[in-house]
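What follows is a single structure, written as structure tokens, with notes after it.
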Amino acid sequence: MIMHELGMMESALALVQRYATEQHARRVERVVLRIGTLSGVDPESLRFAFDVVSRGTTAEGASFEIESIPAVVFCRSCQKEFKGDNGGFIFQCPTCGDFCGDLRTGKEIELGRLEFS
Amino acid sequence: MNTETATPKEQSDETYSIHPLSGAATVAARTLSAPLSAEINAALDASPKGEVAVRSLDLRIPLLEKNDILAERNRGYFLGRGLAALNLVSSPGAGKTTLLERTLDEFAPQTKCAVLVGDLETDNDGNRLRRPHAPVAQITTGTVCHLDASMIARAAQSIDLAGVKILFIENVGNLVCPASFDLGEQVRVVLLSTTEGEDKPLKYPPIFKSANLVLLTKVDVADALGFKREVAVENIKRIAPQARIIQLSARSGEGMADWYAFLRTLAGAR
Ligand SMILES: Nc1nc2c(ncn2[C@@H]2O[C@H](COP(=O)(O)OP(=O)(O)OP(=O)(O)O)[C@@H](O)[C@H]2O)c(=O)[nH]1
Ligand SMILES: [Mg+2]
Ligand SMILES: [Zn+2]
């Protein structure tokens with residue numbers, strides 16, 4: 001699984017460096033990833049992967065944070081959203097009892113925010 | 001930095017904004033717009049010490065692994081050629097090759113099909129699927145327990161896709177790893193056979209969750225095995241409410257018409 005996280009951090013770091021250059025940054029101060037609770041990505045592995053891939057770059061030593069994005073599911077019958085974090089991959093609407101597949105958030109694996117100095 | 005003279009930009013058609021005091025820049029678009037760089041350069045020039053306060057960018061860019069990038073490339077390639085690619089995933093022996101053999105015999109003579117088939121060691125499945133009217137390429141993965149997008153890209157180059165409307169990809173028999181490897185397919189088909197037990201979807205949710213179509217296979221032997229079809233269907237619906245479900249048997253022929261109708265719609269949509 002760590003292979004996944006390493007691959008992702010490699011793409012993340014490529015982006016970070018592109019923006020750092022574009023912004024004439026001296027240093028990258030903060031990197032925030034947005035990770036959905038159902039993304040299947042392990043936050044600890046990401047942290048480890050960040051340390052590995054940032055070594056020797058402008059992002060080395062930057063504060064690395066993970067913003068956890070909760071799962072939100074949309075029920076078509078009720079036309080409203082509900083929290084999908086309980087019960088693994090089964091999303092059952094608490095109002096009408098329908099099983100729903102329309103996951104609105106919770107699968108994110110994103111570069112969220114960057115701060116430079 | 002002289003914050004007094006900085007004026008906030010209020011143009012609504014711009015996709016970014018810079019806070020006049022903090023210097024924080026916010027971008028909604030995926031790529032940084034050129035004016036934003038220009039603005040930061042201007043702020044740099046204006047500041048006596050040649051630096052601005054900590055700047056931040058809100059990006060929200062999806063991170064793609066190498067496989068995802070190649071998968072998107074495959075998807076574009078398939079769409080451009082006007083063909084629908086189906087990724088068939090199941091436990092070992094759920095009936096992928098048998099289903100494809102019959103499909104090539106009955107369906108492919110009318111609608112041109114091609115097959116890419118992955119296996120750890122042998123080319124047995126490739127040989128079983130060889131037909132004069134349908135190009136087949138065998139991918140031997142060695143120790144790798146799933147197909148990935150780069151294998152598909154290479155194998156797709158090796159066969160003649162002219163006139164092909166449907167490209168079947170038989171994945172390596174495995175319900176775990178193929179879930180996380182997008183091949184660039186339009187349709188992910190997960191097969192569950194009646195020899196496996198009704199609770200498979202509950203035990204392997206990620207792969208079922210990612211399915212567009214679930215095939216309940218070998219229904220000819222369901223009764224003999226005491227396999228409860230309704231229970232299996234109920235479990236599939238819980239995990240994968242988004243998926244179409246077709247119950248079929250490549251041996252008795254039950255449900256094959258529904259499968260062909262599904263394929264015909266796909267081929268027609270291209
Ligand atoms: N009764 C019955 N048996 C079937 C059916 N389809 C396949 N089988 C049998 O199931 C066994 C495995 O079938 P395959 O088609 O080779 O399965 P597969 O999913 O391609 O297997 P791998 O490629 O090894 O993962 C064979 O013995 C088939 O004869 C069916 O509809 N009914
Ligand atoms: Mg097979
Ligand atoms: Zn509801």
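The values are calculated or read from the model by the stated rules, or taken from the named source; none is laboratory data. A quick note: this is a predicted structure, and the numbers were derived from the prediction, not measured. So basically every Cβ, Gly included, is an ideal-geometry build from the backbone, and we count neighbours across all protein chains shown. Heavy atoms of the whole protein, side chains included, go into the accessibility calculation; ligands, DNA and RNA do not. Shrake-Rupley method; radii C 1.70, N 1.55, O 1.52, S 1.80 Å.
Tabulated values for the structure
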| item | result |
| --- | --- |
| Options B:Leu175, B:Leu147, B:Leu215; residue that is in contact with a helix residue (DSSP H, G or I) (Cβ under 6 Å, 6 or more places away or on another chain) and either over 24 Å from B:Glu106 (Cβ atoms) or more than 14 Å from chain A (Cβ to nearest Cβ) (or both) | B:Leu175 |
| Options A:Glu67, A:Glu115, A:Glu110; residue that is open to solvent by less than 80 Å² (accessible area, probe 1.4 Å), within 15 Å of the chain's Cα centre (by Cα), under 29 Å from B:Leu57 (Cα atoms) and within 12 Å of chain B (Cβ to nearest Cβ) | A:Glu110 |
| Filter result for the condition that a residue is under 23 Å from A:His4 (Cα atoms), modelled with pLDDT under 95 and either in a loop (DSSP other than H, G, I, E, B) or within 20 Å of the chain's Cα centre (by Cα) (or both), over B:Ala179, B:Ala211 | B:Ala179 |
| Strands (runs of 3 or more DSSP E) lying entirely in the stretch A:9-117 (those with 1 or more residues that are among the β-branched types (Val, Ile, Thr) and without any contact (Cβ under 8 Å) to a residue 40 or more places away in the chain) | A:63-69, A:72-75 |
| Failed item in (1) modelled with pLDDT of 95 or more; (2) within 21 Å of B:Leu100 (Cα to Cα); (3) of a type outside the set (S, T, N, Q), with B:Val233 passing the rest | (2) |
| Output for the stretch A:95-104, where each listed residue is at pLDDT below 95, in contact with a strand residue (DSSP E or B) (Cβ under 9 Å, 6 or more places away or on another chain) and more than 7 Å from every other protein chain (Cβ to nearest Cβ) | A:Asp98, A:Asp102, A:Leu103, A:Arg104 |
| The stretch B:245-270: number of residues that are under 19 Å from the mean Cα position of the chain (by Cα) and either under 13 Å from B:Leu191 (Cβ atoms) or of a type in the set (Asp, Glu) (or both) | 1 |
| Breaking point among (1) within 15 Å of ligand 1 (Cβ to nearest atom); (2) over 17 Å from B:Thr103 (Cα atoms); (3) touching a helix residue (DSSP H, G or I) at 6+ places or on another chain (Cβ under 6 Å), for B:Leu225 | (3) |
| Qualifying positions in the stretch A:31-51 - open to solvent by 70 Å² or more (accessible area, probe 1.4 Å) and either farther than 26 Å from B:Asp148 by Cβ or facing chain B (nearest Cβ under 8 Å) (or both) | A:Asp51 |
| Tally of residues being within 23 Å of the chain's Cα centre (by Cα) and within 11 Å of ligand 1 (Cβ to nearest atom) across the stretch B:102-124 | 4 |
| Test: residue in the stretch A:88-101 that is surrounded by 19 or more Cβ atoms within 10 Å (Cβ to Cβ) and either more than 30 Å from B:Asp199 (Cβ to Cβ) or within 16 Å of ligand 1 (Cβ to nearest atom) (or both) | no |
| Hits in the stretch A:47-81 - residues which are more than 30 Å from B:Gln242 (Cα to Cα) and β-branched (Val, Ile, Thr) | A:Val52, A:Val53, A:Thr57, A:Thr58 |
| Test: residue in the stretch A:54-65 that is among the aromatic types (Phe, Trp, Tyr) and at pLDDT below 95 | no |
| Failed item in (1) among the hydrophobic types (A, V, I, L, M, F, W, C); (2) within 20 Å of B:Ile207 (Cα to Cα); (3) within 13 Å of the chain's Cα centre (by Cα), with B:Phe78 passing the rest | (2) |
| Enumeration of residues in the stretch A:52-64 that are open to solvent by 80 Å² or more (accessible area, probe 1.4 Å) and touching a helix residue (DSSP H, G or I) at 6+ places or on another chain (Cβ under 9 Å) | A:Glu60 |
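Residues are listed down the side, and each one gets a yes or a no for (1) touching a residue at least 60 places away in the same chain (Cβ under 8 Å); (2) within 16 Å of ligand 2 (Cβ to nearest atom); (3) polar (S, T, N, Q):
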| residue | (1), (2), (3) |
| --- | --- |
| B:Thr140 | no, yes, yes |
| B:Ser158 | no, no, yes |
| B:Tyr204 | no, no, no |
| B:Asn212 | no, no, yes |
